[in-house]
Amino acid sequence: MAVQIEANGAAFYRRAAALQTEKADKDVLETIARMEDRHRAGFEEMKKKNYDIY
């Protein structure tokens with residue numbers, strides 16, 4: 001579930017970034033999307049190690 005939440009968040013921020021006309025706004029949203037990707041990767045690693053994540 002946590003993995004999907006992070007994936008959804010990253011997709012949301014990427015869609016929002018695509019709608020922006022100002023580079024600074026686009027950059028901020030793309031940065032947040034990459035942060036969500038890192039969070040997702042962390043949760044995937046925890047899942048591989050059989051940690052309980054909710």
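Search the range 30-45 for residues that are part of a helix (DSSP H, G or I) and pair each with any residue that is at pLDDT below 95 when their beta-carbon atoms are under 6 Å apart and the residues are at least 6 apart or on different chains.
Pairs that qualify, where the first residue is part of a helix (DSSP H, G or I) and the partner is at pLDDT below 95, are Arg40/Val3; Phe43/Ala2; Phe43/Val3; Phe43/Ile53; Glu44/Val3.
Among the residues of the range 6-54, count how many are surrounded by 11 or more Cβ atoms within 10 Å (Cβ to Cβ) and modelled with pLDDT under 95.
6
Can you find, within the range 17-35, the residue that is nearest to Glu6 (Cα to Cα) among those that are under 15 Å from the mean Cα position of the chain (by Cα) and among the acidic types (Asp, Glu)?
Glu30
The values are calculated or read from the model by the stated rules, or taken from the named source; none is laboratory data. Nothing here was measured: the structure is a model prediction, and the numbers come from that model. Backbone-built Cβ (ideal geometry, glycine too); neighbour counts: all protein chains shown.
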